[in-house]
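Here the structure comes first, spelled out in structure tokens, and everything after it is commentary.
The values are calculated or read from the model by the stated rules, or taken from the named source; none is laboratory data. Here the structure is a predicted model, which is why all the values come from computation and not from measurement. Virtual Cβ from ideal backbone geometry, glycine too; neighbours counted across all protein chains shown. Each accessible area value is taken on the protein alone, full model and side chains, heavy atoms only, with ligands, DNA and RNA left out. Shrake-Rupley method; radii C 1.70, N 1.55, O 1.52, S 1.80 Å.
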Amino acid sequence: MSSQNVSVRRTEFIIGGFDTTSYPVLVGAVILIAYIVVVLANVVNILIIIHEKKLHRPMYLLICNLAVVDILYTSSVCPTMIGVLLVGVKNISYVPCLIQMFSYHLGHVMEALALSIMAFDRLIAVSCPFQYHRYLTNVRIVSLTYFLWIVGSGLVAVFPATVIPLSHCYKVLIYTFCSYGAVVRTTCVDPNYYFNMVAIIISFFIFFTLGFICLSYIGIIVFAKLSSNNDRIKMGCTCLSHLIVVICFYIPLIVIILLTRLGVVLTLEARDGLNIGSIFLSALVNPFVYCLRTKEIKNEIIMIFKKVQTFQ
């Protein structure tokens, strides 16, 4: 038996997901630029909402929470991928790898939960516009957000809890970062049991949150049919930003799940490309959608630019 296949407690792994990449520097530069844009755009959204007291309302607190989730989601894996592609640092220690795995999947779960609570917020805004601020107060939204973070963390804790007791026979991660699938494949056990267990949990979670969002929009459509044309236009404008974000987040996930369930064998490059695309698509779209389509945030950005020009 080769030394690589000996059952041991690994102290570090080697990320091999980019070994067959044709233009690693170009790919790394694209990921770096996209990551910088995501962080800066979401930080701007957060700072504007925090700074302007008139934006201290439930909808904007939820937008702020979504921005935090996007920063966590991308920051969990992008520095590692950038380090591999641009600097050539392929080694990652065992504990940071587990932390990265937890952070990545927590960002994934919290994105779905954040979009679900935002769908509920839009449903209340459409169905009970005059009672909206009575039902959804800032305190309730903050409390609900904290609760969802606790629930999400508890759910994602299953991933490291099932990996930590296992011994590892391989040190090379065949994917581009420390995801659950990548780490389980380095262990000495049959990975199918762990993949099936987690696939059931994640599939149920994804379709539960997506189902909740769909039910919310069914309720919105029902109320829209009972409203006047002007009110329908307002409802559409209110919900369009959220709907765009939902589509950008769920479509790549559903494609991956459907291809896997249908038995389509994806190459490592295709799977890695879909995973990276799913991370960046929603994270890049979210801040710009809410900046451009949310009147109050857009006005604040315009005022900031005017003040900077006046100062200069």
For this session: Identify which of Tyr23, Tyr135, Tyr170 has the largest mean-square fluctuation in a Gaussian network model of the chain, with springs joining Cα atoms closer than 10 Å.
Result: Tyr23
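If I take R0 = 25 Å and measure r between the Cβ atoms of Cys214 and Val139 in this structure, what FRET efficiency does the formula 1/(1 + (r/R0)^6) give, to the nearest 0.05?
Numbers: r = 28 Å, r/R0 = 1.14.
Calculated value: 0.30.
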Problem set entry | Calculated P(r) tail over 21 Å for segment 72-136, as whole % of Cα pairs | 48 percent
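Compute the length gained on full extension between His56 and Val43: take 0.36 nm times their separation in residues and subtract their Cα-Cα distance, giving the result in nm to one decimal.
Details: separation 13, 0.36 × 13 = 4.68 nm, distance 1.62 nm.
Residue separation times 0.36 nm, minus the Cα-Cα distance, leaves 3.1 nm.
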For this session: Describe numerically, in nm with one decimal, the distance between label points set 7 Å from Cα along Cα→Cβ at Phe205 and at Ala161.
Result: 1.2 nm
Seminar exercise, completed: Heavy-atom accessible area of Tyr73, protein chains in place, probe 1.4 angstrom, given in Å² to nearest 10, is 0 Å²
Exercise. What is the Cα centroid distance between segment 161-184 and segment 133-148, reported in whole angstrom?
Worked result: 37 Å
Exercise. Expressed as a whole number of Å, what is the distance separating the alpha-carbon centroids of segment 48-84 and segment 12-41?
Worked result: 21 Å
Exercise. Among all lysine pairs in the chain that are eight or more places apart or on different chains, how many have alpha carbons less than 24 angstrom apart?
Worked result: 17
